[in-house]
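Worksheet for the structure shown next.
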Amino acid sequence: MMRAVDAIMECLKAEGVDVVFGYPGGANLPTYDAMYDSGIRHILVRHEAGGGHAAEGYAKASGKVGVCFATSGPGATNIVTPLTDAMMDSVPVVFFTGQVRTELLGTDGFQEADTFGITMPIVKHSFMIQHPTEIPRIVHEAFHIARTGRPGPVLIDMPTDLTRTEIDYQPVGDVRLPGYQPTTEGNQKQIRLAAKAMANARRPVIYAGGGVINADASSELTELALVDGLPVTCTLMGLGAFPAPHQQWLGMLGMHGTRTANYAMDEADLIVAVGARFDDRITGKLSEFAPRAKFIHIDIDPAEISKNVPAHIPIVGDAKNILARLLSEYRGLQPDPARLAEWWERIERWRMQHPLRYDDSADNEIKPQFLVQALYDATDRGDCILATDIGQHQMWAAQYFHFTKPRRWIQSGGLGTMGFGLPAAMGAAVAQPDLRTIVLSGDASIQMNMQELSTLATYGIPVKVVIMNNGYLGMVRQWQELFWDRRYSAVEMSQWPDFVKLAEAMGCHGVRLVDKTTLVDDLRAALALDGPVVIDARVTKEESVYPMIAPGQAARDMVG
Amino acid sequence: MGEPGTKELLSLAELDAAAGVRTGRKHVLSILVENKPGVLTRIAGLFARRGFNIDTLVVGPTDDEALSRITLTVDGAMHPIDQVTKQLHKLVNVLKIRDLEPDEAVAREMALFKISADAGSRGEIMQVVEIFRAKIIDVQRRTVIVEVTGTHDKVEAFERMVRPFGLVEMARTGEIALSRGRGET
């Protein structure tokens, strides 16, 4: 016999969990008592949202399931944002929330919130514990659901009285969920059809999304592209799925992607979409998206097939499984690379005519794009994990930083959560202690979860925080400049706080950089400091991200 | 349509036109679910999120006590219905969904009508009741309650017939349905 909470710790260990993020409170006191001598490392964040994003960052960097604990009421409502974020980006995280004891449920008890109800639309699945004996089975089901199929967040709400009960704990063998049977094996006939279509295509493009990274299918994707030299573009979430820079790499796709990538999609006759969902930031005006193309759509989630763009050859299943088989079918057809010569000529011309560019400053001022390039150089061509927040800095990083490997680029893509970057980087750094972890943030985004700086200091987690400081809510300012007659409404951030002093108050190093001429060396020196470091890099105040597909426009009409 | 974030104005007419794409085809969805708390909310939520109005909804036990059957009717454009059924499939507690074609299934609903009936009109009401093979299940001095079972159209027709007598109130179950033939719904 043991307390149900001790059984939870046993289940976590059986699932291979060695670190969790969280915040204790009244309703999860039993859980934290069990944690005390469980041997599982607990990182005490400063806000539950930080805990949720840290668990996401951990999951994204490691490929394992992240775990976050929060108490009832405000603890639970504080994880609503990371839950939604994890749902949008298919991140496997299990959230454990405390709940008031069962007799208080529904009575507006102290720190009671209807967590199960509030979170229902933003979870892959959720459980409300009804009886203590079901807890071990539910924990394993939660991990299974979070990790398999299209990954996603699972929540377990635990009334405090049930977790204190003694149960007869037996390790749980296999998980049986009759209503949950994700398709992993792609249909062989469809795969054969796809290979044929690819071998016959004259203007093919591979369009890879975050699903390729979730499926650990980057090497299969790369090999497929290398068979006869297919052009590849990735979504924001897919960066790192194909090594960049590379001769076959067209750059990022979408609203702030390269002209080359967007034009190639526009003129393609065949688009091979893998683990991507034709988001509006990719397609622009849907009716004019890739008008000449047929679509092969490979996705683990049948609900994504033909959701936005009708698929001609849908293949439902695990991308790793499908791409490996598609690769062998495709190789078997011995496709002729010569058929792509004309296409590559066209692509090369776009590349020559429309490289990513910006006007550098005439003085010492740091242009934001230059900051990203300097960071790339200072990290020996991107040898690090880079998380970002949301906004201009994120788009410039996506454009000017490159990744040769997956799980190095930590993003909040679907939800676009400001405040995601710092805690997510913290989680990534905990998952990959041997890699250097950097978060590039903006002066606005960083302030949304900057309390986690003291978590970094407390645990000596050596995340380097680079703040691209332009004193503005930069992306909103850009839209007001372009689409709202420069009426700058509520976007000026002023120069506060003093990030160097803030860093020091939080127990981190603080460095301010203002001079582009010494920037690479200064960055190198700051990144070499022990422990967490905050680098306040002052950049041009009013700079806009280009090129851009204006909202509701077609790729053909990119500006800038 | 204007994108959020741009200055372009939207007219109310444009908004209405975009919202009101209805095929007029009624869908009868039969959904087999695990009998667990929250299942109904999850299902209803998927419709609500897309702004679909559920016309009728019936939940009841099946031959297996661990399972319940939800029969739900909704009017929607073909494409979004397809999206919703795909999303429904993804719910962990949902085992099976069928969008029942009218000629491959039988569907029935039950209704109770409380009708004003004094000595003068009672006879005439009883005739209507007989024609519709309905049943009077309660008689008071000024009202009768009638039970009608049948197709959606039959219940509608009965309602039209008795309304002139003075319909005090009415309760309808919404349709339940099973597919024809040996195969399971």
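Quick notes
- Among A:333-340, B:114-121, A:283-290, A:534-541, sorting by the average number of other beta carbon atoms lying within 10 angstrom of each residue, highest first, gives A:534-541, A:283-290, B:114-121, A:333-340.
- On the basis of the beta-carbon distance and an R0 of 30 Å, A:V559 and A:E492 show a calculated FRET efficiency of 0.75.
- Our coupling estimate for segment A:341-349, obtained by passing each phi through the Karplus curve with A = 6.51, B = -1.76, C = 1.60 and θ = phi - 60°, is 4, 5, 4, 5, 4, 5, 4, 4, 5 Hz, Gly and Pro reported as x.
- What the Cβ-Cβ distance of A:R524 and A:D33 gives, at R0 = 56 Å and to the nearest 0.05, is a FRET efficiency of 0.75.
- Loop-located trypsin sites (Lys or Arg not before Pro) in segment A:436-537 whose Cβ has at most 12 other Cβ within 10 Å (DSSP): A:R486, A:R487
- Candidates B:E14, B:E124, B:E147, ranked by Gaussian network fluctuation over chain B, Cα under 10 Å, top entry: B:E14
- Relative contact order of segment A:254-363, taken over Cα pairs closer than 8 Å and 6 or more residues apart, is 26 percent.
- Net charge of Cβ neighbours under 11 Å - reference A:W396; Lys, Arg +1; Asp, Glu -1: 0
- Residues with amide H under 5 Å from that of A:I366, placed H, sequence gap 5 or more: A:K516, A:T540
- Between A:T183 and B:S121, the modelled labels are 5.7 nm apart [label points 7 Å from Cα along Cα→Cβ].
- Set of lysines with alpha-carbon distance to B:K26 below 22 Å, sequence-local pairs under 8 removed: A:K307, B:K86, B:K96, B:K154
- Among B:A48, B:A171, B:A13, residue whose mean-square fluctuation peaks in a GNM of chain B (springs only between Cα atoms under 10 Å): B:A13
- Rounded to the nearest 500, the helix-only mean residue ellipticity at 222 nm of chain A stands at -10500 deg cm²/dmol, with each DSSP H run of n ≥ 4 adding -39,500 (n - 2.57).
- Highest-MSF residue in chain B out of B:E101, B:E65, B:E109 [GNM, Cα springs under 10 Å]: B:E65
- Inter-chain Cβ neighbour average for residues B:86-93, partner chain, 10 Å: 6
- Options B:G120, B:Q140, B:L67, ranked by Cα towards positive dipole end of segment B:64-141, top entry (Cβ charges): B:Q140
- Since only B:L12, B:I43, B:V92 are under comparison, the one whose Cα sits farthest along the positive direction of the charge dipole of segment B:12-100, derived from C-beta charges on Lys, Arg, Asp and Glu, is B:V92.
- Global form of chain A, assessed from the alpha-carbon gyration tensor, a/c cut-off 1.5: oblate
- Among beta bridges from DSSP that stay inside segment A:368-538, the antiparallel ones total about 5%.
- Each other residue within a Cβ distance under 11 Å of A:I305 adds +1 if Lys or Arg and -1 if Asp or Glu, for a net charge of -1.
- Positive minus negative residues near A:N364 (Lys, Arg vs Asp, Glu; Cβ under 9 Å): -2
- Dipole magnitude (debye, nearest 20) for chain A, charges at Cβ of Lys, Arg, Asp, Glu: 1540
- Computed on segment B:12-100, with alpha-carbon pairs under 8 angstrom and 6+ residues apart, the relative contact order is 43 percent.
- Cα shape, segment A:2-167, gyration tensor, a/c 1.5 rule: rounded
- For B:N35, distant residues with modelled amide H under 5 Å away: B:L67, B:S68
- Averaged over peptide A:175-182, the number of partner chain Cβ atoms lying within 10 Å of each residue's Cβ comes to 4.
- Ranking A:W344, A:Q392, A:T160 by Cα position along the charge dipole of the protein assembly as shown, where only Lys, Arg, Asp and Glu carry charges on their C-beta atoms, puts A:W344 farthest toward the positive end.
- Cα centroid separation - segment A:328-387 against segment A:215-289, whole Å: 12
- Relative contact order (%) - criterion: Cα under 8 Å, at least six apart; region: segment A:327-418: 24
Bear in mind these aren't lab numbers, they're just calculated from the coordinates by the rules spelled out. Everything quoted here is computed from the prediction, not taken from an experiment. Glycine gets a Cβ as well: all are built from the backbone with ideal geometry, and neighbour counts include every protein chain shown.
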